[in-house]
Each structure stands twice: as structure tokens, then as C-alpha cells.
1. Given the conditions (1) of a type in the set (A, V, I, L, M, F, W, C); (2) at pLDDT 60 or above; (3) outside any helix (DSSP H, G or I), which single one is not true for A46?
2. Looking only at segment 56-72, which residues are at pLDDT 90 or above and either basic (K, R) or on the phi > 0 side of the Ramachandran plot (or both)?
3. Select from segment 101-115 the residues that are under 13 Å from the mean Cα position of the chain (by Cα) and at pLDDT 90 or above and list them in ascending order.
4. So in segment 49-72, with the set limited to residues that are in a helix (DSSP H, G or I) and among the acidic types (D, E), which one is nearest to L32 (Cα to Cα)?
5. Collect the residues in segment 97-115 that are acidic (D, E) and either in a loop (DSSP other than H, G, I, E, B) or within 12 Å of F48 (Cα to Cα) (or both), keeping them in residue-number order.
6. Just to be sure before I move on: is A113 crowded, with 20+ Cβ neighbours inside 10 Å and within 21 Å of D38 (Cβ to Cβ) in the structure I sent?
7. Please pick out the residue among V86, V75 that is modelled with pLDDT under 85, more than 16 Å from ligand 3 (Cβ to nearest atom), among the β-branched types (V, I, T) and closer than 18 Å to P108 by Cα.
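The values are calculated or read from the model by the stated rules, or taken from the named source; none is laboratory data. None of these values were measured; they are calculated from a predicted model. Here Cβ is always computed from backbone atoms with ideal geometry, including for glycine, and neighbour counts include all displayed protein chains.
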Amino acid sequence: MKAHGWVIAAVLAGVVAATGTASAAPDARRMLQSADRDGDGMVTRAEFASSRQAVFDRLDRNRDGVLDGADRAGVRPVPARLRDAVAGADRNRDGRITRAEFAAAPTPLFDRADTDGNGVVDAYEMARL
Ligand SMILES: [Ca+2]
Ligand SMILES: [Ca+2]
Ligand SMILES: [Ca+2]
């Protein structure tokens with residue numbers, strides 16, 4: 001489905017930043033740091049989720065709560081190899097990604113960074129990325 005392909009591309013364009021799936025370590029660290037809303041040097045899962053929602057809002061240009069063909073304008077193309085990274089966000093494969101689907105998508109970057117699995121990426125874990 002054509003629409004599906006572009007949504008994936010759209011999500012990746014701005015959202016690899018939030019999910020961090022395809023990035024090298026320094027990028028991953030920068031993304032996590034940018035999610036540290038309260039600036040305490042640690043990123044909680046809640047902070048990460050809220051940063052991801054901000055990305056959704058940026059991509060959802062017409063503000064209808066769904067990423068689909070209507071939001072296409074201005075989206076940068078992304079490498080095909082990155083597409084699988086967020087394909088999972090579109091749970092029902094209808095070519096649209098709702099806010100809920102986006103929020104529920106896997107968080108590989110966070111999960112990888114949080115090596116002790118306590119729901120917080122602290123400075124030590126961040127430095128080891
Ligand atoms: Ca924080
Ligand atoms: Ca939209
Ligand atoms: Ca941790």
C-alpha cells in the first residue's frame with residue numbers, strides 16, 4: 001500500500017529521533033538527552049514518552065491525531081533500510097498511525113539504554129551508549 005510506505009517514511013523522518021532505532025551511539029545519546037525535560041541528567045520512561053508525543057505532534061501537520069497521507073507535505077525521505085524500524089507502530093496496517101498506536105510502539109532505544117531495566121536512563125547508562 002502506497003500510503004503505508006509514506007507514513008513509515010514520515011515517521012522515520014522525525015521519529016527515529018524519538019525511537020532511536022537506527023542511530024549510532026552518539027545520536028542515541030543526544031536523543032535521550034533531548035528527552036530530559038527537567039534537566040536532571042536522567043530520562044524516565046515518562047519523559048521519553050512525552051518527547052515521543054512531541055514528535056508525533058510535529059509530524060501530524062493537520063492536527064487530527066492521525067499520521068496519514070494528509071500530513072505528507074514537507075516530510076523528508078528516509079532510507080529504505082530504516083523502514084522496518086517503526087513499521088510496528090502501525091498495528092493494524094491500515095497505513096495510518098494514530099496517536100495511541102504511536103504511543104504504544106516499541107521503544108528500542110530506551111530499552112537498550114536502560115540496562116538495569118529500572119525505567120530510568122541515568123547518566124551512567126547514558127554514558128555507556
Ligand atoms: Ca529527567
Ligand atoms: Ca494528521
Ligand atoms: Ca536504568
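1. Of (1) of a type in the set (A, V, I, L, M, F, W, C); (2) at pLDDT 60 or above; (3) outside any helix (DSSP H, G or I), only one is false for A46: (3).
2. The answer is R63, G65.
3. F110, D111
4. Only one residue tops the list, namely D57.
5. D111, D114
6. yes
7. V86
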